[in-house]
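A.B. asks: Have a look at the structure that comes next, please.
The values are calculated or read from the model by the stated rules, or taken from the named source; none is laboratory data. Bear in mind the structure is a predicted one, so any value in this text is a computation, not a measurement. Here Cβ is always computed from backbone atoms with ideal geometry, including for glycine, and neighbour counts include all displayed protein chains. All accessible areas refer to the heavy atoms of the entire protein, side chains included, with ligands and DNA or RNA removed. Shrake-Rupley method; radii C 1.70, N 1.55, O 1.52, S 1.80 Å.
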Amino acid sequence: MRKGIFVFAAIIFIAGVSIAQKADKSAKASGSVRLPATAINTMQQIDPQRIRAHVRFLAHDLLEGRGTGARGGEIAAEYIGTQFALYGLKPAGDNGTYMQKVPLVGITPDPATTFSLVPSSGARMDLKPLDQYVAYDQTQQPQSDVNADIVFVGYGIEAPEYKWDDYKGVDVRGKVLLMLVNEPPSDDPKFFKGKALTYYGRWTYKYEEAARKGAVGAILIHKTEMASYPWEVVRNSNSAEKSYLKVEGPVLKVASWIQLDVAGQIASSSGMNLDKMMQDAQSRNFQPVPLPVKLQAHMVSKVRPFESANVIAMLPGGDTKLRNEAVIYTAHYDHLGIRPDMQGDNIYNGANDNDTGCGILLEIARAYTESKQRPRRSILFASVTAEEQGLLGSEYLGKHPPIPAGQITLDLNFDDVPPLGSPEEVEVSGAERTTFFPVVQNMAKTFRLTIRPDSRPEAGHYYRSDHFSLARVGVPSFSINEGVKYKGHDAAWGKQQADEYTAKHYHQPSDEYHPESDFTGDAAMARFGFALGWEAAGQAKEVGWQHGDEFEPARLKSASGSE
Ligand SMILES: [Zn+2]
């Protein structure tokens, strides 16, 4: 057996020699890529067939779609922890295990919930669930009551770096805040990053900020063009059970959305005009507007506490000083589970999303442990849970990192890396926001990969994957993925593959493992990620954010906290 593995490794090694030699030469030429020969050798052993084997197992029907808190999800976690143990990695979860328990709560709005708008004069409006509003009680109590004045707070954003404050110091404690989605429109890259969406535009930020300010509720006005998705999306993602981390900070009794025409009625019953209010909100001089309308809500929820786990391992670094710091690799293992009520194939295997990322993470981990030389900083590997529930596993990891966040130099994340052959492009959106970007650019050149820019920055993809959870606590983070140009195909082919996947297989039971898939690209992304991580682990200084970035304050805070 062992001999067989050696022979196999040797073949892979030979196949990869050309890249190794190029990496070596380029290192001498530019001085930017400093991987030692042993690291390059181990990197070459990253094996597409091993990634395939991980994907095949994790996407098997026996794992029932790896639902969060479900048996299949737990088997996946145990599988990943077992691989870490076989590689000889140190456990970095709770109490000397690979598992970091993540306490979660499932909330299902009950039909007994009532949600009414009561103007000081005029008729009260009892809103219809799902058609006119959706609402969750974030306090994780079976019942909550709200009877509070509504204040219109424009975009509900306080962003000192853009000199923008919709609250203007007005005390909103105990109030319900009515607000717009997205952020003030702009083409100026220095103002809310122009057309690109910043975190201030995401609905999650708006709820969080309202809670931080002591409000009891928030009502987001849905306008399709502003949200960039229709009401059906809001409705569908807010009708069933939703999972949350067990409450740790301030939360809202009512976290809700309403349809645009309901907002229009609130405005007219206040003697105001919604279009005018929306217009006024686009000004820096906007002031919060108390409305003569109350929200009376009786929130009834089914509350189901449960548990899941992040799987975390560590390779201690080789430098006695720098080993207190680490590079972290992340990839979520959870997917959507199984729908017992559904006809036909009801298992959401999630082969691409995200067994590919898990396979990549595991191969990177194995490569590190096979290197005779250690990187200077330590390397953490975290396969996180509950990504599909709203990045919850990684959020918990960010709030409870195995070493202080200020000592984590970089997070490299892998999510949904399609097995389509040999990539000629790489996507590293967000890397340009960090001080590490020149290294990424050089490394991409060495690997003969063209960096493909984010095609739709206004969609805010940066805020929708696990690396974001690390960015929020200040860790420079980004995901690594293929672009659309593959060897032997034009970019249109790659685009077509991506579109077809999104339309037919993304978050569908048909995201399955196929024996004919080509995992060359997954291995290429793993090698690229390995090389970047090694490089970051050896740099004299920790990676930071570009000056003025929205995550810079969090980094500075965590740096001072860890000293
Ligand atoms: Zn995913």
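A.B. asks: Please enumerate the residues belonging to region 420-436 that are more than 17 Å from the chain's Cα centre (by Cα), in a loop (DSSP other than H, G, I, E, B) and surrounded by fewer than 24 Cβ atoms within 10 Å (Cβ to Cβ).
C.D. replies: 421, 422, 424, 435 - these are the residues of region 420-436 that are more than 17 Å from the chain's Cα centre (by Cα), in a loop (DSSP other than H, G, I, E, B) and surrounded by fewer than 24 Cβ atoms within 10 Å (Cβ to Cβ).
A.B. asks: Also: Would it be correct to say that residue 403 is open to solvent by 30 Å² or more (accessible area, probe 1.4 Å) and either aromatic (Phe, Trp, Tyr) or at pLDDT 95 or above (or both)?
C.D. replies: Taking the combined requirement at face value, the residue does not satisfy it.
A.B. asks: For a quick check of your reading: which helices (runs of 4 or more DSSP H) sit entirely within region 453-563 and have at least 1 residues that are farther than 30 Å from residue 195 by Cβ and in contact with a strand residue (DSSP E or B) (Cβ under 8 Å, 6 or more places away or on another chain)? Give the derivation first.
C.D. replies: Values: elements: 467-472, 491-504, 520-538, 552-561.
Of the helices (runs of 4 or more DSSP H) lying wholly inside region 453-563, those with at least 1 residues that are farther than 30 Å from residue 195 by Cβ and in contact with a strand residue (DSSP E or B) (Cβ under 8 Å, 6 or more places away or on another chain) span 520-538.
A.B. asks: Is there a residue in region 358-371 that is touching a strand residue (DSSP E or B) at 6+ places or on another chain (Cβ under 7 Å), within 13 Å of the ligand (Cβ to nearest atom) and small (Gly, Ala, Ser)?
C.D. replies: So the first thing to find is which residues in region 358-371 are touching a strand residue (DSSP E or B) at 6+ places or on another chain (Cβ under 7 Å), and the list is 358, 360-361, 364-365, 368-369.
Add one more test, that the residue is within 13 Å of the ligand (Cβ to nearest atom), and what stays is 358, 360-361.
With the extra rule that they be small (Gly, Ala, Ser), the set shrinks to none.
Checked region 358-371: no residue is touching a strand residue (DSSP E or B) at 6+ places or on another chain (Cβ under 7 Å), within 13 Å of the ligand (Cβ to nearest atom) and small (Gly, Ala, Ser).
A.B. asks: Quick one: how many residues across region 286-345 are in a helix (DSSP H, G or I) and under 27 Å from the mean Cα position of the chain (by Cα)?
C.D. replies: Here the count works out to 2.
A.B. asks: Quick one: in region 378-398, which of the residues that are at negative phi and either hydrophobic (A, V, I, L, M, F, W, C) or without any contact (Cβ under 8 Å) to a residue 60 or more places away in the chain (or both) is farthest from the ligand (Cβ to nearest atom)?
C.D. replies: 379
A.B. asks: If a residue has to be within 12 Å of the ligand (Cβ to nearest atom) and not in a loop (DSSP other than H, G, I, E, B) to count, how many in region 399-419 make the cut?
C.D. replies: Selection size over region 399-419: 1.
A.B. asks: Name the pairs whose Cβ atoms lie under 6 Å apart, with the first residue in region 324-347 and more than 23 Å from residue 387 (Cα to Cα) and more than 11 Å from the ligand (Cβ to nearest atom), the second open to solvent by less than 40 Å² (accessible area, probe 1.4 Å) and assigned to a loop (DSSP other than H, G, I, E, B), and 6 or more positions between them or separate chains?
C.D. replies: As it stands, the answer is 325/377, since those pairs meet every condition given.
A.B. asks: A further question on this structure: Kindly indicate whether residue 375 is more than 15 Å from the ligand (Cβ to nearest atom) and open to solvent by 10 Å² or more (accessible area, probe 1.4 Å).
C.D. replies: no
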